[in-house]
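To keep things clear, I will list the structure first and then write my remarks on it.
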Amino acid sequence: MILQQLSIINFKNITFDGGSDKGYEIKGLTQPLFQDTSSATLTNINLTDGNMRFVDSYLCEGAQRVFSGALGRFIHYGAVTNCSASGKIEIDMQFRNSDTTLAADSNYAIAIGGLVGEIHTATTSNLTNRIDITITSLFGAAGESKFYTNIGGICGHVPGTTTITDCYNYGKIDFAANQTTTTVRLGGVFGYVP
């Protein structure tokens, strides 16, 4: 059985079981399944044939951050287990800052992963990514403030005390962006784990 696209935004203290252990899948997402979650339990979620494309300009105000991933943009606390994704993410965006200075905590302004943009202080296990990530343009215009960008097959940025067990990436990361104003941290599984 195939579940159609969902659009779930900003959940706290939820439990979501996608039923992949019973053969269910969520097919054809064009945006992250979850935008942001806090203290959530996400399990048995199989996302297939995702096709996410992010284009155009994005104005980053001060310390605002940008996240992207098929399962979610930002996962804070909670647990993510037995989740997988396949498909593609294409990014062709220009980011610029309206100010000439970024706040000190904006070093991780952009985080991109096949499954999650950023996982902060959570428990993760049995995560598998088969999403191909293609980045053709993703950076600040000349003369703008620098951005720090973290890109990983599973997750772009993993701060805090996150526990990671049995996570695998089989997706391809094609980084063809022409950039001069960004520091890039790129990893096959995780982009940056401070």
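Counting just the residues of the stretch 125-137 that are at pLDDT below 95 and under 16 Å from the mean Cα position of the chain (by Cα), which one comes out surrounded by the fewest Cβ atoms within 10 Å (Cβ to Cβ)? Explain how you work it out, then say what you get.
Here is the first cut: in the stretch 125-137, the residues at pLDDT below 95 are 133-137.
Adding the requirement that they be under 16 Å from the mean Cα position of the chain (by Cα) leaves 133-135.
On the way: Ile133: 26, Thr134: 16, Ile135: 23.
Here the residue is Thr134.
Would you point out which residue out of Gly69, Gly28, Gly87 is of a type outside the set (Ser, Thr, Tyr), within 23 Å of Val158 (Cα to Cα), open to solvent by 20 Å² or more (accessible area, probe 1.4 Å) and at pLDDT 90 or above?
Details: Gly69 fails: open to solvent by 20 Å² or more (accessible area, probe 1.4 Å); Gly28 fails: within 23 Å of Val158 (Cα to Cα).
Result of the check over Gly69, Gly28, Gly87: Gly87.
Taking the options Gly117, Gly140, name whichever one is farther than 22 Å from Lys12 by Cβ and modelled with pLDDT under 95.
Details: Gly117 fails: farther than 22 Å from Lys12 by Cβ.
Criteria check complete, one pass: Gly140.
Can you tell me which residue is nearest to Asn126 (Cα to Cα) among those in the stretch 22-44 that are of a type outside the set (Ser, Thr, Tyr) and in a strand (DSSP E or B)? Don't jump to the end; show me each part of the working.
So in the stretch 22-44, the residues of a type outside the set (Ser, Thr, Tyr) come out as 22-23, 25-29, 31-36, 40, 42, 44.
Restricting the remaining residues to those that are in a strand (DSSP E or B) gives 25-27, 34-36, 42, 44.
Details: Glu25: 16, Ile26: 18, Lys27: 20, Phe34: 19, Gln35: 21, Asp36: 20, Leu42: 12, Asn44: 10 Å.
The extreme case among them is Asn44.
The values are calculated or read from the model by the stated rules, or taken from the named source; none is laboratory data. Bear in mind that the values here come from a model prediction, so they are computed numbers and not experimental data. Glycine also receives a Cβ, built like all others from the backbone with ideal geometry; neighbour counts cover every protein chain displayed. All accessible areas refer to the heavy atoms of the entire protein, side chains included, with ligands and DNA or RNA removed. Shrake-Rupley method; radii C 1.70, N 1.55, O 1.52, S 1.80 Å.
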